[in-house]
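Below is one structure, written out as structure tokens, with a few remarks after it.
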Amino acid sequence: MAATADPDIAELARAARAHLARHRPLVAPGQAPRWPQGARIAVNVTADFDAMLLRRLLNEPPMQLAKGEFGGRVGIWRLLDLFAAHRIPATIFTPGRICELYPDALRAAVAAGHELADHMWEHHVPRDRQLELDHLGRTGAALERIAGHRPVGTRSAHTPSLLAAAGFLYTSHDCAAHLPYYLTDTEGAHTLLNLPFHYALDDAMFYSFAWLGSANPAQRITDTDRVLEMWWDAFRQQYAAGGYLNIVLHPFVSGRAQRIDMLDALFTRMKTLPGVWFATCEAVARHCLATHPRS
Ligand SMILES: [Zn+2]
């Protein structure tokens with residue numbers, strides 16, 4: 001038995017070593033990053049402004065597209081109001097085409113001090129390298145026309161070398177750790193800071209009914225009180241350890257009334273504790289790059 005497992009274990013060991021070489025933590029295991037003004041935790045509130053683009057990509061029927069549109073017509077505005085009420089600077093990961101669909105909401109986000117970051121052109125990364133470059137350039141230009149500058153962050157599987165060449169500082173796509181870390185591509189040539197998210201803190205995992213045409217058992221509309229307690233527990237654990245939290249929202253998911261209420265309650269609770277640094281992903285990334293440069 002052992003003899004037949006040995007080659008598999010050797011292969012797993014090689015994979016583990018390769019993973020370690022590509023993922024560099026900011027601080028030694030068990031230590032916490034240093035945040036500005038002695039904060040205990042950095043919190044990135046992020047919103048993936050997919051609206052109907054993601055659903056269109058999957059050729060979903062009009063009723064599902066309309067659910068996505070709710071995000072652009074109502075959800076994003078409710079989130080912007082909520083962020084303003086709590087003075088929370090957020091990062092809006094924005095597909096380039098959203099600039100054509102909902103430019104007013106994006107202008108309002110920028111005017112309120114939020115960050116616009118790349119979330120692909122039409123919510124997918126083309127396999128063809130030249131087309132991918134074209135999509136990345138189009139999104140950058142579209143976001144620049146609204147924000148006044150090119151994005152420095154992405155939530156996508158865009159090729160690291162293209163991102164590096166386009167001046168990106170960070171990605172928020174990989175989820176190999178609970179703290180930010182340096183992520184190097186498989187060629188070992190390009191490194192970006194990764195601000196990790198996880199599906200345990202992603203609204204779509206709790207609230208998405210008919211999520212991407214999923215089968216009946218996958219349907220979920222979790223009680224908002226339950227999500228509030230789960231997310232609060234996650235926050236408390238990271239707060240106690242001295243850490244980082246990346247909350248993933250979607251305007252078409254969290255923009256629903258009772259979910260806005262739940263986020264209001266969550267942010268209110270978080271703010272009762274001292275040393276919580278709410279910041280855009282860009283601010284956290286620039287801080288990490290300056291304070292914990294890649295060794
Ligand atoms: Zn998305």
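The criterion of being surrounded by fewer than 20 Cβ atoms within 10 Å (Cβ to Cβ) and either over 18 Å from T46 (Cα atoms) or modelled with pLDDT under 95 (or both) holds for Y199.
For the stretch 268-281, residues that are surrounded by fewer than 20 Cβ atoms within 10 Å (Cβ to Cβ) and not β-branched (V, I, T) total 6.
Confirm whether R55 is surrounded by fewer than 21 Cβ atoms within 10 Å (Cβ to Cβ) and not polar (S, T, N, Q). No, not satisfied. No other residue among R150, R107 is in a helix (DSSP H, G or I), more than 16 Å from the ligand (Cβ to nearest atom), basic (K, R) and surrounded by fewer than 22 Cβ atoms within 10 Å (Cβ to Cβ) apart from R107. If a residue must be in a loop (DSSP other than H, G, I, E, B), modelled with pLDDT of 90 or more and touching a Leu at 6+ places or on another chain (Cβ under 8 Å), how many such residues does the stretch 166-194 contain? Within the stretch 166-194, residues that are in a loop (DSSP other than H, G, I, E, B), modelled with pLDDT of 90 or more and touching a Leu at 6+ places or on another chain (Cβ under 8 Å) number 7.
Yes or no, residue by residue, for (1) hydrophobic (A, V, I, L, M, F, W, C); (2) modelled with pLDDT of 95 or more; (3) farther than 20 Å from R155 by Cβ:
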site	(1), (2), (3)
R220	no, no, yes
L228	yes, yes, yes
A234	yes, yes, no
R259	no, yes, yes
L263	yes, yes, no
K271	no, yes, yes
V276	yes, yes, yes
T280	no, yes, no
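Rundown of residues vs (1) within 16 Å of the ligand (Cβ to nearest atom); (2) surrounded by fewer than 17 Cβ atoms within 10 Å (Cβ to Cβ), yes/no style:
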{"residue": "A21", "(1), (2)": "no, yes"}
{"residue": "P33", "(1), (2)": "no, no"}
{"residue": "V43", "(1), (2)": "no, no"}
{"residue": "A47", "(1), (2)": "yes, no"}
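Can you find, within the stretch 122-147, the residue that is nearest to the ligand (Cβ to nearest atom) among those that are more than 20 Å from D50 (Cβ to Cβ) and not in a helix (DSSP H, G or I)? The extreme case among them is R127. Answer yes or no: is there a residue in the stretch 157-165 that is among the aliphatic types (A, V, I, L, M) and crowded, with 22+ Cβ neighbours inside 10 Å. Within the stretch 157-165 (the criterion being among the aliphatic types (A, V, I, L, M) and crowded, with 22+ Cβ neighbours inside 10 Å), the answer is yes, since at least one residue qualifies.
Each row is one residue, and each column tells you yes or no for (1) more than 19 Å from C281 (Cα to Cα); (2) within 16 Å of the ligand (Cβ to nearest atom); (3) not in a helix (DSSP H, G or I).
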position: M230; (1), (2), (3): yes, no, no
position: D233; (1), (2), (3): yes, no, no
position: R236; (1), (2), (3): yes, no, no
position: A240; (1), (2), (3): yes, no, no
position: N246; (1), (2), (3): no, yes, yes
position: V253; (1), (2), (3): yes, yes, no
position: I260; (1), (2), (3): yes, no, no
position: L266; (1), (2), (3): yes, no, no
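For the stretch 258-290, the set of residues classified as more than 21 Å from R236 (Cβ to Cβ) and without any contact (Cβ under 8 Å) to a residue 24 or more places away in the chain consists of A290 only. The residue that is farthest from the ligand (Cβ to nearest atom), among those in the stretch 73-98 that are farther than 14 Å from T46 by Cα and buried (at least 23 other Cβ atoms within 10 Å of the Cβ), is G96.
The values are calculated or read from the model by the stated rules, or taken from the named source; none is laboratory data. In this text the structure is predicted, and so the values were computed from the model without any measurement. We place every Cβ from the backbone using ideal geometry, glycine too, and count neighbours over all the protein chains shown.
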